[in-house]
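Engineer: Next up is a structure, given as structure tokens.
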2 protein chains.
Amino acid sequence: MPDLSVKAQTDRGATAVSRLRDLLGAESVLSGEDIPIRNLQDWSTLGPTAPIAVVRPADSQGVATTLRVAAEHGIAVVPQGGLTGLAGGARPIEGGLALSLERLVGIEEIDAAAGTMTIRAGTTLQAAQEAAEAAGFFFPLDLGSRGSCSIGGNIATNAGGNRVIRYGMAREMVLGLEVALPDGTLLSSMNKMLKNNVGYDLKQLFIGSEGTLGVVTRAVMRLYPPPSSTMAALCGVSSYEAALALLASARTALGPLLSAFEVMWDDYWMVAMRASKARRPLSGRHAYYVLVEAQGSAASDEGKFDAWLENLAERPLVDDAAVARSIGDVKAFWAARDAAAEFRQVLGPHASFDIGLPVAAMDAYAQACRRELTTRIPGCVSVFYGHIADGNMHIIACAPGAPVQPLDEIDEIVYRLVGEYSGAISAEHGVGLKKKPFLSVSRNPREVALMRTIKQAIDPKGTLNPGKVL
Amino acid sequence: MPDLSVKAQTDRGATAVSRLRDLLGAESVLSGEDIPIRNLQDWSTLGPTAPIAVVRPADSQGVATTLRVAAEHGIAVVPQGGLTGLAGGARPIEGGLALSLERLVGIEEIDAAAGTMTIRAGTTLQAAQEAAEAAGFFFPLDLGSRGSCSIGGNIATNAGGNRVIRYGMAREMVLGLEVALPDGTLLSSMNKMLKNNVGYDLKQLFIGSEGTLGVVTRAVMRLYPPPSSTMAALCGVSSYEAALALLASARTALGPLLSAFEVMWDDYWMVAMRASKARRPLSGRHAYYVLVEAQGSAASDEGKFDAWLENLAERPLVDDAAVARSIGDVKAFWAARDAAAEFRQVLGPHASFDIGLPVAAMDAYAQACRRELTTRIPGCVSVFYGHIADGNMHIIACAPGAPVQPLDEIDEIVYRLVGEYSGAISAEHGVGLKKKPFLSVSRNPREVALMRTIKQAIDPKGTLNPGKVL
């Protein structure tokens, strides 16, 4: 294994950078003053670090070449997509290379017969959604950073988002993948078929491995028929048990039309209403606010949704409900749920979490976590919300006005309790750098050992995104 | 790597068998005359082979112990589930051990809040389906061998079956997995959460790897709400284009309710009607027969299905259609599709195929394949049918009455054409032994090299199911 210390890398780096300039062209390799500020960090708030160069290949082979040169010279290389990750997976390594996919953009093909989109890794999620829509299809992956995040990053982190309950995570949408391996091999597995059991399903290795086993360069993504209508309701309920009963009822009555089931605890709602300039979609105060969304495929599905809501009125599950009568209403409901992105203005700097929990235990977790944060950290504010049908809770916590945020203490409380409730330290965002110290909360030593075996087999020199995940 | 020749293994085998008797108890190790005939082969028609012993551990740890002893003594070990595989993956190796999961049976837990079933690998698929139903859930995996095949085998081969279009393959239903690794480590990843992005998703490695990387001992499977109704129609259409238009129409109108879309070419239908004793569900003769199934979640969904069929009548897509009016009708429609299991009585010995193809190319493939089989093999009969919405075609071919079936020649024609049409040599059944010579049709050398890297990293001694897949 090469010495990946900053000094050792810097010594070898100049040769590698010069070699890459020869191979890829000078315009593909930015160093010194030319390094864009945006490539120095992702959204993880870990702060900037300086790579020796930012390499921006124009094509897949250029990505593979970059990895080969990095391996040959013993230089760390960190893949970068839209840089919207919150776990630090794309944070550059001092003295190493940052490998930006920003020039691998565009949709190469939409195959209407197969229902697939062939797309380059650097393309934004929003561009993928829009291209699918223009071709009469629906691409269901959706997350708040859709305008900036890249498809390659979505695949590398197995992104989840708002509609996992119906369409699954990014993993379920990938049919084929092209990946540059750490030794510079360009592996093409651009399958378009739904079923292909010819040997190991290699793409699964790379999906969700956070750029530590290979760099996604292109993908074949599955497309879906567009929904004919979107129905939504925002409900106020007085207990978590009622929220779970509402979920069971929605599952039974709406079946596979159910596309989102988001729960916001009262503490979240109060901050969201301060952060959002929009009109309150629901008056009165409730212990939990539930956003239910369904996508129809026929006119009769709107009636189905309405009938379900009317039946609900006969049961004491829901204290109040607002029903969307327009796309504008649907957007207004989601604005409350998406207001988390604006919490910085209201709460100041804060820690964000993305944990997995057994669905039944989520409220008990929230209570225990809030209690301990409040008791142990003076003035601590914490708010809870999430995709509860997926067992995925988000938490925002901070001590407003504190000169330095007690981030380590908050981490310790949140993740220790995740372990006590048999949860996962990351449901969506990945491990990256930030959650590495807590890996043992959710993975046993044998799992970690097998991960290391795989990493060692595929990246024996350890030059691809070293120190991330493991 | 140990010498895995028959002689070398037999010399070492006696010690290994005696050690296993000590560790697992004599009742767990059958050798010599005690070896059951059923363990000598699977359904691949490759013929029986004699393992030195059949090991039947009573628990997961016993499975891991068997693998450890096999690795220590350099003895091949072949995992066996329900032995219904058609590719030879579970066929024992002469002089090696057969490792039967038949005593690891039973459902350990159904967690209603999480919507999961924790199940031992040797349990039959049918037992899993029945247990889910008894608990008020639906377990959607379904294939013809449901009464014999085991959940562990379904996972190891990433089984597909009848409802992939709606629920995905076995891979999509696995949330957690316990696997015995080749060195005897028992790896427990019994996750119950829908989302868990904590490091590499290790279970993906073992799903579909045909028992060459580890032996599945237990699993957490995802459960679904039971459908409130099942609707089905059997349609006769006169062109493949009409069948594709019917599929597009069903997708749009039925959306996610669509649970199966099976096409039977006329040649299949004629043999099926001879094989089946049931009344013909559709009179007249058509070029293609299409079985469309949808599962409803509310009473209104039956009306939705009927409305779709009525609208169809206004378009010249369908020449004739029968609509199921009862569960009996639904079963009768499926009987025509399932009649393939009885074709031996009508056609005699034959070759069965399970290929993947681009949906748009399936009919052109069928025509080319039929033409070449008929031209090159005197008297050759071939019939075509499949899950066309999944791009999955089955073929049955033979030369009825021939003293020896021209299996190699049929293989050569079918798989060469798969390559020409950019298809997959296995959509469902896996590679096992039978399709190994054709691996290069559907996988490029870099893919095969990476598969070998993974196999070498996880099974460095090569004692787990050697010679299968790779």
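Engineer: Which residues, taken from the range A:147-176, are open to solvent by less than 10 Å² (accessible area, probe 1.4 Å), within 14 Å of A:Pro79 (Cβ to Cβ) and of a type in the set (A, V, I, L, M)?
Structural biologist: Result: A:Ile151, A:Ile155.
Engineer: Check B:Tyr224 against each of (1) touching a strand residue (DSSP E or B) at 6+ places or on another chain (Cβ under 7 Å); (2) open to solvent by less than 30 Å² (accessible area, probe 1.4 Å) and name the one condition it does not meet.
Structural biologist: In the conditions (1) touching a strand residue (DSSP E or B) at 6+ places or on another chain (Cβ under 7 Å); (2) open to solvent by less than 30 Å² (accessible area, probe 1.4 Å), B:Tyr224 misses (2) alone.
This table checks each residue for (1) open to solvent by 60 Å² or more (accessible area, probe 1.4 Å); (2) touching a residue at least 60 places away in the same chain (Cβ under 8 Å); (3) over 30 Å from A:Arg344 (Cα atoms).
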site: A:Pro2; (1), (2), (3): no, yes, yes
site: A:Val6; (1), (2), (3): yes, yes, yes
site: A:Arg12; (1), (2), (3): yes, yes, yes
site: A:Leu30; (1), (2), (3): no, no, yes
site: A:Glu33; (1), (2), (3): yes, no, yes
site: A:Pro36; (1), (2), (3): no, no, no
site: A:Ser44; (1), (2), (3): no, yes, no
site: A:Thr49; (1), (2), (3): no, no, no
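Engineer: Are any of the residues in the range B:170-177 touching a helix residue (DSSP H, G or I) at 6+ places or on another chain (Cβ under 9 Å), at the interface with chain A (Cβ under 8 Å from one of its Cβ atoms), assigned to a helix (DSSP H, G or I) and of a type outside the set (Ser, Thr, Tyr)?
Structural biologist: First, pick out the residues of the range B:170-177 that are touching a helix residue (DSSP H, G or I) at 6+ places or on another chain (Cβ under 9 Å): B:170-177.
This time we only want the ones that are at the interface with chain A (Cβ under 8 Å from one of its Cβ atoms), so: B:171-172.
Imposing the further condition that a residue be assigned to a helix (DSSP H, G or I) reduces the set to B:171-172.
Add one more test, that the residue is of a type outside the set (Ser, Thr, Tyr), and what stays is B:171-172.
Looking for residues that are touching a helix residue (DSSP H, G or I) at 6+ places or on another chain (Cβ under 9 Å), at the interface with chain A (Cβ under 8 Å from one of its Cβ atoms), assigned to a helix (DSSP H, G or I) and of a type outside the set (Ser, Thr, Tyr), one finds at least one in the range B:170-177, hence yes.
Engineer: With respect to the numbered conditions (1) outside any loop (DSSP other than H, G, I, E, B); (2) of a type in the set (Ser, Thr, Tyr); (3) within 14 Å of chain A (Cβ to nearest Cβ); (4) open to solvent by 40 Å² or more (accessible area, probe 1.4 Å), which one is the sole condition not fulfilled by B:Thr374?
Structural biologist: The number of the failed condition is (3).
Engineer: While we're on this one: Quick check: is even one residue across the range A:404-421 within 14 Å of another protein chain (Cβ to nearest Cβ), open to solvent by 20 Å² or more (accessible area, probe 1.4 Å), at pLDDT below 95 and more than 27 Å from A:Pro79 (Cα to Cα)?
Structural biologist: no
Engineer: Condition first: more than 23 Å from B:Val215 (Cβ to Cβ) and either within 14 Å of chain A (Cβ to nearest Cβ) or at pLDDT below 95 (or both). Now tell me which residues in the range B:88-134 satisfy that.
Structural biologist: If the condition is that a residue be more than 23 Å from B:Val215 (Cβ to Cβ) and either within 14 Å of chain A (Cβ to nearest Cβ) or at pLDDT below 95 (or both), then B:Ile110, B:Asp111, B:Ala112, B:Ala113, B:Ala114, B:Gly115 are the ones that fit.
Engineer: Can you report the number of residues in the range B:422-450 which are among the small types (Gly, Ala, Ser), surrounded by fewer than 22 Cβ atoms within 10 Å (Cβ to Cβ) and either in contact (Cβ under 8 Å) with a residue 40 or more places away in the chain or facing another protein chain (nearest Cβ under 7 Å) (or both)?
Structural biologist: Count: 1.
Engineer: Another question, then. Looking at B:Gly236, B:Gly303, B:Gly284, which one is open to solvent by 10 Å² or more (accessible area, probe 1.4 Å) and more than 14 Å from chain A (Cβ to nearest Cβ)?
Structural biologist: It is B:Gly284.
Engineer: Of the residues A:Arg19, A:Arg68, only one is under 19 Å from A:Glu178 (Cβ atoms), touching a residue at least 40 places away in the same chain (Cβ under 8 Å) and open to solvent by 70 Å² or more (accessible area, probe 1.4 Å); which?
Structural biologist: Answer to the check: A:Arg68.
Engineer: Taking the conditions exactly as written (at pLDDT 80 or above and either farther than 30 Å from B:Leu407 by Cα or in contact with a strand residue (DSSP E or B) (Cβ under 6 Å, 6 or more places away or on another chain) (or both)), does B:Leu40 satisfy them or not?
Structural biologist: On the way: at pLDDT 80 or above: yes; either farther than 30 Å from B:Leu407 by Cα or in contact with a strand residue (DSSP E or B) (Cβ under 6 Å, 6 or more places away or on another chain) (or both): no.
No.
Engineer: Are any residues in the range A:93-110 of a type outside the set (A, V, I, L, M) and surrounded by fewer than 21 Cβ atoms within 10 Å (Cβ to Cβ), and if so, which ones?
Structural biologist: A:Glu94, A:Glu102, A:Arg103, A:Gly106, A:Glu108, A:Glu109
Engineer: Would you point out which residue out of A:Ala287, A:Ala253 is in contact with an Asp or Glu (Cβ under 7 Å, 6 or more places away or on another chain), in contact (Cβ under 8 Å) with a residue 12 or more places away in the chain and small (Gly, Ala, Ser)?
Structural biologist: Values: A:Ala253 fails: in contact with an Asp or Glu (Cβ under 7 Å, 6 or more places away or on another chain).
So the residue among A:Ala287, A:Ala253 that is in contact with an Asp or Glu (Cβ under 7 Å, 6 or more places away or on another chain), in contact (Cβ under 8 Å) with a residue 12 or more places away in the chain and small (Gly, Ala, Ser) is A:Ala287.
Engineer: When only residues in the range B:202-233 that are more than 10 Å from chain A (Cβ to nearest Cβ) and of a type in the set (Val, Ile, Thr) count, which is farthest from B:Asn465 (Cα to Cα)?
Structural biologist: Applying the filter and picking the extreme gives B:Thr230.
Engineer: Further question: Of all the residues that make up the range B:451-463, how many are in contact (Cβ under 8 Å) with a residue 60 or more places away in the chain and either open to solvent by less than 20 Å² (accessible area, probe 1.4 Å) or within 9 Å of chain A (Cβ to nearest Cβ) (or both)?
Structural biologist: 6
Engineer: Also, I was wondering about something else. Looking only at residues that are more than 17 Å from B:Asp459 (Cα to Cα) and touching a Pro at 6+ places or on another chain (Cβ under 9 Å) in the range B:73-92, which one is most open to solvent (accessible area, probe 1.4 Å)?
Structural biologist: Residue satisfying both the conditions and the ranking: B:Arg91.
Engineer: Taking the options A:Ala368, A:Ala389, A:Ala322, A:Ala341, name whichever one is more than 14 Å from chain B (Cβ to nearest Cβ), open to solvent by less than 40 Å² (accessible area, probe 1.4 Å), outside any loop (DSSP other than H, G, I, E, B) and touching a residue at least 60 places away in the same chain (Cβ under 8 Å).
Structural biologist: None of the others qualify; the one that does is A:Ala322.
Engineer: Of the conditions (1) assigned to a helix (DSSP H, G or I); (2) touching a helix residue (DSSP H, G or I) at 6+ places or on another chain (Cβ under 8 Å); (3) under 22 Å from B:Pro226 (Cα atoms), B:Asp306 satisfies every one except a single condition; which number is it?
Structural biologist: Tallying (1) assigned to a helix (DSSP H, G or I); (2) touching a helix residue (DSSP H, G or I) at 6+ places or on another chain (Cβ under 8 Å); (3) under 22 Å from B:Pro226 (Cα atoms), B:Asp306 fails exactly one: (2).
Engineer: Does the range B:114-132 contain at least one residue that is open to solvent by less than 20 Å² (accessible area, probe 1.4 Å) and in contact with an Asp or Glu (Cβ under 6 Å, 6 or more places away or on another chain)?
Structural biologist: yes
Engineer: Is it fair to say A:Cys380 is open to solvent by less than 10 Å² (accessible area, probe 1.4 Å) and either under 25 Å from the mean Cα position of the chain (by Cα) or at pLDDT 95 or above (or both)? Show your work before the answer.
Structural biologist: Working: open to solvent by less than 10 Å² (accessible area, probe 1.4 Å): no; either under 25 Å from the mean Cα position of the chain (by Cα) or at pLDDT 95 or above (or both): yes.
No, not satisfied.
Residue by residue, here is whether (1) at pLDDT 90 or above; (2) among the polar types (S, T, N, Q); (3) touching a helix residue (DSSP H, G or I) at 6+ places or on another chain (Cβ under 9 Å); (4) more than 30 Å from A:Ala307 (Cα to Cα) holds:
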| residue | (1), (2), (3), (4) |
| --- | --- |
| B:Arg285 | yes, no, yes, yes |
| B:Val290 | yes, no, yes, yes |
| B:Pro316 | no, no, yes, yes |
| B:Asp319 | yes, no, yes, yes |
| B:Arg325 | no, no, no, no |
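The values are calculated or read from the model by the stated rules, or taken from the named source; none is laboratory data. Keep in mind that this is a model prediction, so the values were computed, not measured. Because the Cβ atoms are built from the backbone with ideal geometry, glycine has one as well, and the counts that use them run over all protein chains shown. Surface accessibility is based on the protein's heavy atoms, side chains included, excluding ligands, DNA and RNA. Shrake-Rupley method; radii C 1.70, N 1.55, O 1.52, S 1.80 Å.
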